[in-house]
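Below: one structure, written as structure tokens.
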Amino acid sequence: MGGDDTPTTPAHGDATTISAVYPDILQTHILTRLDGPTLASAACASSQLHALSSQETLWQQICHRTWPSTADPRFHRLISSFPSGHRSFYSDSFQYPDGHRRSRPSRRPPPAYIISAVDIRYQNQLILSKVHVAETESDPSLPFRVDLLGPKEAAPMPVNLDIRDDKCLSNLEENLTLSWILIDPTRTRAADVSSRRPVLVRRNWLSNDVELRYATVLSGGELVQCLVAVTCGEGGTGLAVGEVRLDVEDMERKKLG
């Protein structure tokens with residue numbers, strides 16, 4: 001007679017450790033479902049989870065889910081130059097709950113260009129995802145400003161709102177979120193300079209458009225305020241984002257180059 005092949009189960013009170021789970025199952029079916037902060041916490045639980053949670057592909061997928069613009073092919077080589085690849089990029093760019101961004105001062109000369117990765121969502125649905133490269137040495141006396149869209153460009157929004165209705169303002173304030181990541185390719189550093197949700201929403205009474213302002217303060221030697229302006233108006237068959245602009249100012253509202 002053959003032996004009993006019935007699988008054994010832990011006795012009452014026994015504990016099954018994470019090491020009992022096959023690494024392939026952890027990596028393909030569990031860790032891939034986590035967001036960035038949860039994956040970073042899991043890496044602190046054990047040496048095995050630390051090794052599995054440090055895989056570049058995991059952090060690449062998280063970056064692409066969080067900021068779809070980073071899936072642009074131009075980012076692959078750039079992010080690979082960061083100390084720990086996508087994990088370093090995520091650590092730089094993710095906005096922690098305190099909302100205060102800290103940047104380390106550097107004595108290196110300013111980069112020849114700055115890369116922007118911008119994603120705008122309405123009710124978590126992506127409506128605009130774009131990468132923009134801006135030169136910084138063309139004229140140092142000019143303030144640093146990035147206009148993301150051209151004069152005839154617009155991003156339609158999946159919503160049926162009357163721009164003339166005041167309820168439109170509160171709707172956009174609640175639902176239109178924005179991330180704007182600035183990447184310094186020389187120092188291989190990145191930061192999200194948007195407040196994610198608008199800090200100011202108002203109507204332009206001349207054009208009847210709705211203007212939204214997103215802002216954050218960077219500290220690193222001196223305080224710098226980054227202001228993102230978004231304009232929504234009627235476009236085609238409905239509401240559309242028609243202007244997206246970034247300005248960098250000091251705390252006295254003087255625009256910086």
- Under 6 Å by Cβ, and 6 or more places apart or on different chains, what pairs join a residue from the stretch 52-81 that is in contact (Cβ under 8 Å) with a residue 24 or more places away in the chain and at negative phi with one that is of a type in the set (Lys, Arg) and outside any loop (DSSP other than H, G, I, E, B)? Trp59/Arg87
- Query: What number of residues in the stretch 178-213 are more than 17 Å from Ser129 (Cα to Cα) and aromatic (Phe, Trp, Tyr)?
  - Reply: 1
- Being within 12 Å of Leu178 (Cβ to Cβ) and in the same structural domain as Leu128 (by the TED database) narrows Val201, Val217, Val228, Val210 down to just Val228
- Query: When you scan the stretch 185-237, how many residues do you find that are assigned to a strand (DSSP E or B) and without any contact (Cβ under 8 Å) to a residue 40 or more places away in the chain?
  - Reply: 14
- Task: Taking Ser116 as the residue in question, decide whether it is modelled with pLDDT of 70 or more, touching a His at 6+ places or on another chain (Cβ under 7 Å) and among the small types (Gly, Ala, Ser).
- Result: yes
- Within the set of pairs 6 or more residues apart or between chains, which connect a residue that is closer than 19 Å to Ala117 by Cα inside the stretch 132-159 to a residue that is part of a loop (DSSP other than H, G, I, E, B) and modelled with pLDDT of 90 or more with Cβ atoms less than 9 Å apart? His132/Leu148; Ala155/Leu149
- Task: Evaluate the stretch 175-184: report whether one residue or more is among the small types (Gly, Ala, Ser), part of a loop (DSSP other than H, G, I, E, B), surrounded by 13 or more Cβ atoms within 10 Å (Cβ to Cβ) and in contact (Cβ under 8 Å) with a residue 24 or more places away in the chain.
- Result: no
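The values are calculated or read from the model by the stated rules, or taken from the named source; none is laboratory data. Computed from a predicted model, the values in this text were never measured in an experiment. Don't worry about glycine lacking a Cβ; one is built from the backbone with ideal geometry, like all the others, and counts go over all protein chains shown.
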